[in-house]
Amino acid sequence: MTRQSRILLAVLIVLVAIGGGVALALRSPAVIGYYFERQARARFAEFSSRSDFGDDGLHVILCGTASPLPDANRAKACTMVVAGGRAYVVDTGPESWKQLALMLFPADRIAGVFLTHFHSDHIGDLGEFRLQTWVGGRRQPLPVYGGPGVDKVVDGFNLAYSLDDRYRAAHHGPEVAPLDAAPLVAKPFSVGMSDTRDRAEVVLDDNGLKVTAFEVYHEPVRPAVGYRFDYKGRSVVVSGDTIKWRNVVANAKGADVLVHEAQSQHMRQILSDAAQAAGNKTVAKIFADIESYHSSPVDAAEAANEAGVKLLVFTHFTPPPVSSLLNPLFFDKVADVRPQSGWVIGFDGLRIDLPANSDAIIQGKMPLGLLR
């Protein structure tokens with residue numbers, strides 16, 4: 001070995017030793033603890049100082065864009081609308097609270113829940129919203145709006161969490177967990193049950209925010225409604241689960257944003273055929289049955305066009321496009337119906353801002369994670 005080679009080898013050995021030492025140091029509890037503390041302080045400071053929803057605009061956050069089928073990156077049905085700093089959640093599907101918590105959304109901003117219907121993938125996390133907003137600073141019962149039967153849903157969750165309420169109140173004390181603020185309170189309205197499915201009703205009118213519930217078609221599910229939010233000249237419509245339906249079009253007229261469910265009938269049929277071929281007749285029948293009460297992406301695009309909606313946001317995907325490679329199949333022919341600039345594929349964390357007294361529609365993304 002030449003002298004030059006020996007020097008090079010020695011240098012390499014020293015570098016490896018240094019690198020190993022750095023790697024060892026990075027794995028030490030002291031270094032990791034230092035990093036964890038810095039990140040925790042930064043994130044809690046960010047959480048405590050958030051004021052970006054306190055303006056007079058209307059904001060939309062998708063907190064769950066999946067259907068009952070599992071998706072590692074999506075919670076079940078959940079859309080949040082923020083008006084004047086107060087947040088309202090449309091549906092509380094399983095895993096949706098986790099998504100909002102990862103976004104560091106202030107729990108005490110949540111002023112109410114609106115349920116489109118009572119399928120499990122739309123109500124499964126209602127108990128977590130009840131608990132987390134309570135210990136997060138809510139100091140009065142949380143209103144839950146819904147059609148006939150919402151009182152049964154609310155009573156069930158209140159009963160299921162009643163023991164937990166007492167444990168936490170005893171442990172943390174009344175300043176953190178006042179028992180009288182813990183419950184949900186049902187706010188029933190009458191629409192959602194008619195045979196014509198063409199009724200609508202203003203269910204909240206407060207501080208400039210008007211929320212209208214309107215009937216949709218999700219037979220045999222009744223009540224089944226969508227919601228329109230109007231605030232400071234801006235408007236957002238959430239379809240709920242429905243086929244392409246005239247009452248969606250009527251109530252979405254001129255809206256800035258339409259958040260509409262979407263089901264790929266072609267992909268659904270593939271799954272149904274695959275289940276049938278595997279001998280799973282139960283799953284095959286479920287996939288066959290759901291064709292009749294959901295909208296295809298093209299259906300949703302046509303409804304948005306007929307209503308004159310500025311931006312169509314797809315959500316509640318059946319089946320969930322678990323990879324972007326599936327998007328061309330899921331959204332096949334949508335671009336033939338509506339210009340690409342007029343629609344967006346929703347994802348958990350999508351944020352849309354609608355400033356007051358403006359025509360602007362600003363798309364963004366909520367940060368995910370306490371430590372990042």
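Tabulated results
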read-out	value
Set Gln276, Gln363, Gln269: member being assigned to a helix (DSSP H, G or I), of a type in the set (S, T, N, Q) and exposed (fewer than 14 other Cβ atoms within 10 Å of the Cβ)	Gln269
The stretch 279-298, subset touching a Lys or Arg at 6+ places or on another chain (Cβ under 6 Å) and part of a helix (DSSP H, G or I), residue farthest from Trp245 (Cα to Cα)	Phe287
Single residue of Ala72, Ala25 found to be in the same structural domain as Phe314 (by TED's automatic domain parsing), modelled with pLDDT under 95, surrounded by fewer than 24 Cβ atoms within 10 Å (Cβ to Cβ) and among the aliphatic types (A, V, I, L, M)	Ala72
Residue under evaluation Asp195, criteria (1) within 19 Å of Ala250 (Cβ to Cβ); (2) within 23 Å of the chain's Cα centre (by Cα); (3) not hydrophobic (A, V, I, L, M, F, W, C), criterion not met	(2)
Residue within the stretch 208-215 that is under 20 Å from the mean Cα position of the chain (by Cα), under 22 Å from Ala107 (Cα atoms) and among the aliphatic types (A, V, I, L, M) present	yes
Hits in the stretch 207-251 - residues which are buried (at least 24 other Cβ atoms within 10 Å of the Cβ) and farther than 24 Å from Ile123 by Cα	Arg234
Exclusive hit being charged (D, E, K, R) and closer than 23 Å to His218 by Cα, set Asp180, Asp121, Asp108	Asp121
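Residue by residue, here is whether (1) of a type in the set (Lys, Arg); (2) under 21 Å from Val248 (Cα atoms); (3) assigned by TED's automatic domain parsing to the domain that holds Ala255; (4) not in a loop (DSSP other than H, G, I, E, B) holds:
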{"site": "Val309", "(1), (2), (3), (4)": "no, yes, yes, no"}
{"site": "Phe317", "(1), (2), (3), (4)": "no, yes, yes, yes"}
{"site": "Asp332", "(1), (2), (3), (4)": "no, no, yes, no"}
{"site": "Phe347", "(1), (2), (3), (4)": "no, no, yes, no"}
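The values are calculated or read from the model by the stated rules, or taken from the named source; none is laboratory data. Keep in mind that what you see is a predicted model, and the values were worked out from it rather than measured. All Cβ positions, glycine included, derive from the backbone under ideal geometry; neighbour counts span all protein chains shown.
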